[in-house]
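Here, each number is a calculation from the coordinates, and none is a lab measurement. Please read all numbers here as calculations on a predicted model, not as lab measurements. All Cβ positions, even for glycine, are placed from backbone atoms using ideal geometry, and neighbour counts span all protein chains on display.
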Amino acid sequence: METATRRILTSEGLDGLLAALKRRGYRTVGPTVRDQAIVYDDIGSIADLPGGWTDEQDGGHYRLVRRGDAALFGYAVGPHSWKKFLHPPTLRLWRAARDGDAVQVVAEAPPEQPFAFIGVRGCELRAIEIQDRVLLAGQHADTPYRERRRGAFIVAVNCAKAGGTCFCTSMNAGPKAAAGFDLALTELADRPGGVFVVEIGSEAGRLMLADLPQRAATEGEIAAAEGVVERTAAAMGRAMRSDDVRELLLRNLDHPRWDAVAERCLTCGNCTMVCPTCFCTSVEESSDLAGGETGRSRRWDSCFTMDFSYIHGGAVRASARSRYRQWMTHKLATWFDQFGSSGCVGCGRCITWCPVGIDITEEVRAIRDSEQR
Amino acid sequence: MAAEKPRPRLAVWKFASCDGCQLSLLDCEDELLAVADAVDIAYFQEATRGTISGRYDLSLVEGSITTAHDAERIQEVRRRSRKLVTIGACATAGGIQALRNFADVQEYASVVYARPDYIRTLATSTPIADHVPVDFALRGCPINKRQLVEVLAAFLVGRRPVTPPHGVCIECKLKGAVCVMVAHGTPCLGPVTHAGCGALCPSYDRGCYGCYGPKETPNALSLSAWLAALGMDERALQRVYRSFNADAEPFRKESERHGG
Ligand code: SF4
Ligand code: SF4
Ligand code: SF4
């Protein structure tokens with residue numbers, strides 16, 4: 001029986017997991033509080049986790065607030081996503097230096113340590129799966145992504161609180177961690193001392209858990225964990241009908257709603273930067289003053305910048321309307337044609353972190369409702 | 001052995017400005033020797049007693065045009081320069097002194113100076129590009145020294161400098177900075193401001209002041225509506241766009257929409 005494999009870790013056991021991962025050479029990263037938000041960064045122990053914090057989220061609005069208990073994972077996703085580690089924002093690819101008459105090209109070294117991600121949510125697992133498909137499948141796998149993705153140990157967390165902009169249930173991407181993890185935790189925040197129901201997702205996860213102080217979960221604990229996920233699923237802050245959204249958008253490419261949203265859109269690119277599946281980059285060349293060294297690097301780019309669609313003579317997508325439309329139709333429609341799935345996992349980041357609160361679910365709804373009138 | 005290639009001649013010119021941008025060049029401690037190796041600094045009043053003579057391969061121009069004499073001098077600088085690059089908000093947009101463009105300069109002078117009759121000044125402060133063709137504009141108040149070195153390095157090999165015209169938001173996101181507007185409710189001009197500073201203020205919990213001027217395709221109208229919702233009144237909205245880049249068109253237009 002699958003449920004028979006559920007185990008229990010206490011907070012102490014979870015701390016032991018972090019220590020064990022470190023001992024085995026992993027770079028442990030996870031949620032932590034910085035600058036009044038929950039970001040992803042290096043963590044050493046559970047003391048670095050945002051214990052007792054939660055968030056309040058809405059369009060263009062995020063605030064950290066106290067929970068009133070000591071839950072370690074009692075919040076939704078923040079401004080960072082795991083792509084900052086797997087597909088870094090800026091990355092040198094290589095540099096070349098003059099060596100007498102020859103030129104020495106040095107490729108950038110891969111990271112020394114494999115990653116251990118602590119607290120990956122259901123929607124984020126789906127986002128990683130999508131980026132795997134984008135960056136690794138096909139003929140031209142992305143080497144830096146492969147080097148970072150390989151050997152990553154993933155500790156998932158089933159969400160105990162839906163954020164104000166979450167709609168993962170609409171996108172079939174959560175709140176339960178479905179696949180792609182080594183261990184998945186459900187925090188039972190109302191039990192004293194910290195109780196985490198653990199599901200084993202891989203052989204590596206089983207081996208890691210075997211060395212930690214743990215016990216079998218009771219029927220009651222297993223039911224309580226399922227209850228946590230059900231309650232979260234029923235509390236989504238947003239919703240979007242997604243079964244026909246590709247067709248809906250593609251037959252409305254000239255809809256007046258694109259003009260309306262373009263009036264509000266700042267073409268700032270924040271939505272694409274925070275989106276866990278957006279993968280676009282620009283390549284930049286550098287050369288030093290002495291003419292002795294050159295280099296090539298890449299950084300995240302966005303379909304909201306002019307340079308992004310610049311070809312000889314100008315930008316193809318000069319208007320805000322065409323840039324917003326590119327973003328939304330890529331996420332929700334043409335992604336299916338290109339990569340066989342939606343490009344949206346319903347994490348809500350683009351809504352929360354849009355400086356003017358533009359809401360992808362509201363935009364879809366406006367177009368849908370106009371057809372029904 | 002091949003004869004040593006002559007180094008390109010560099011000049012740094014000053015018009016109406018505070019010298020801060022020129023000083024960014026002297027502030028490049030780590031790179032200064034490399035700069036001095038790569039170019040012949042032929043005219044640079046802040047650093048040496050250069051004299052104007054001959055032609056310059058690259059002229060860096062700081063400051064705006066505020067006097068009739070300067071309006072003539074910039075023509076001479078252009079004539080002597082193969083490439084002319086403006087550095088900073090004064091040279092590129094008229095600077096803070098372009099606030100006079102919104103007011104009566106005679107009245108200003110009578111308030112500020114004991115003997116206003118000694119003052120010979122134009123009614124406006126205008127960017128260099130209003131007077132002569134400019135090959136490249138480096139933004140900032142002051143400019144960022146890393147970007148200045150990039151402009152010099154690019155000039156030396158004849159490539160386009162990498163100084164992206166997108167907004168400050170992208171710099172925040174690249175460095176993982178938390179958005180001060182979304183997470184703290186702090187008004188910020190980042191979404192309409194040209195990148196280049198490395199998101200300096202938001203990294204220190206401040207909103208962006210717009211030192212680098214308008215980004216490509218800024219939508220200040222929409223941002224203002226949001227800033228108003230965050231609690232900025234009409235007067236504050238007018239002032240927020242009226243600083244170092246007050247006369248850059250998108251900021252000027254937006255400021256004129258507010259404050260009555
Ligand atoms: S489009 Fe928005 S809600 Fe969907 S995955 Fe990206 S950031 Fe999350
Ligand atoms: S939405 Fe834009 S930035 Fe995101 S993957 Fe598509 S083209 Fe790239
Ligand atoms: S939708 Fe929002 S976050 Fe995205 S580019 Fe427009 S204003 Fe920026």
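The table for this structure:
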| quantity | calculated |
| --- | --- |
| For segment A:334-362 versus segment A:233-289, the gap between their alpha-carbon centres in whole angstrom | 6 |
| Simple Cβ-charge dipole of the protein assembly as shown, Lys/Arg +1 and Asp/Glu -1, about Cα centre, in debye nearest 20 | 620 |
| Hull shadow area, averaged, chain B [alpha-carbon convex hull, nm²] | 16.3 |
| Cα long-axis angle, helix B:29-38 against chain B (0 to 90 degrees, to the nearest 10) | 40 |
| Mean-position separation - Cα centroids, segment A:189-232 and segment B:14-41, in angstrom | 61 |
| Shape category assigned to segment A:163-225 from the gyration tensor of Cα positions, a/c cut at 1.5 | oblate |
| Proxy reagent accessibility, fewest Cβ within 10 Å first, across A:360, B:143, A:222 | A:222, A:360, B:143 |
| For residues of B:214-225, the mean tally of beta carbons on other chains within 10 Å | 5 |
| Chymotrypsin sites (Phe, Trp or Tyr not before Pro) restricted to DSSP loop in segment B:89-139 with at most 15 other C-beta within 10 Å | B:113 |
| Kirkwood Rh (inverse of mean 1/r, distinct Cα pairs), the protein assembly as shown, angstrom | 27.2 |
| Label-to-label distance, nm, for residues given as residue A:19 and residue A:251 (7 Å Cα→Cβ offset) | 6.1 |
| Spin-label pair residue B:186/residue B:109, simplified geometry with 7 Å Cα→Cβ offset, distance in nm | 4.1 |
| Stokes-Einstein D (µm²/s) once Rh is taken as the Kirkwood radius of segment A:270-344 over alpha-carbon pairs, at 10 °C in 1.306 mPa s | 112 |
| Quarter of Cα convex hull surface for chain A, i.e. mean projection, nm² | 22.3 |
| Sparse-neighbour loop sites [GluC sites (Glu not before Pro); segment A:1-64; at most 10 other C-beta within 10 Å; DSSP] | A:2 |
| Between 0 and 90°, nearest 10: helix B:220-229 axis offset from chain B longest Cα axis | 40 |
| For residue A:98, net neighbour charge (Lys/Arg +1, Asp/Glu -1) across residues whose Cβ lies under 14 Å away | -3 |
| Unsatisfied cross-links (Cα-Cα over 27 Å) in the set B:83/B:145; A:83/B:145; B:14/B:145 | A:83/B:145 |
| Globularity index of segment A:245-372, i.e. its alpha-carbon radius of gyration over 2.2 N^0.38 Å | 1.20 |
| Two-decimal log10 I(q)/I(0) for segment B:168-256, as the Debye equation yields it once each C-alpha is a single scatterer, q = 0.10, 0.15, 0.23 Å⁻¹ | -0.21, -0.48, -1.16 |
| Average partner coverage of B:179-189, which counts Cβ from other chains inside 10 Å | 6 |
| FRET efficiency for residue A:136 and residue A:172, using Cβ-Cβ distance with R0 set to 22 Å, rounded to 0.05 | 0.50 |
| Zero-based 10 Å bins, Cα pair distances in segment A:127-254, whole percents | 11, 29, 32, 21, 6, 1 |
| Neighbour cut-off at most 13 other Cβ (10 Å), DSSP loop, trypsin sites (Lys or Arg not before Pro), segment A:204-286 | A:241, A:251 |
| Theoretical ellipticity at 222 nm over the protein assembly as shown - DSSP helices of four or more residues, -39500 (n - 2.57) apiece, nearest 500 | -9000 deg cm²/dmol |
| Cα-centred dipole magnitude for segment A:245-372, charges only on beta-carbon of K, R (+1) and D, E (-1), debye, nearest 20 | 260 |
| Cα-centred dipole magnitude for segment B:168-256, charges only on beta-carbon of K, R (+1) and D, E (-1), debye, nearest 20 | 160 |
| Mean projection area, nm², convex hull over Cα of segment B:9-157 | 9.0 |
| Chain B: most fluctuating residue of B:98, B:248, B:225 per GNM, C-alpha cutoff 10 Å | B:225 |
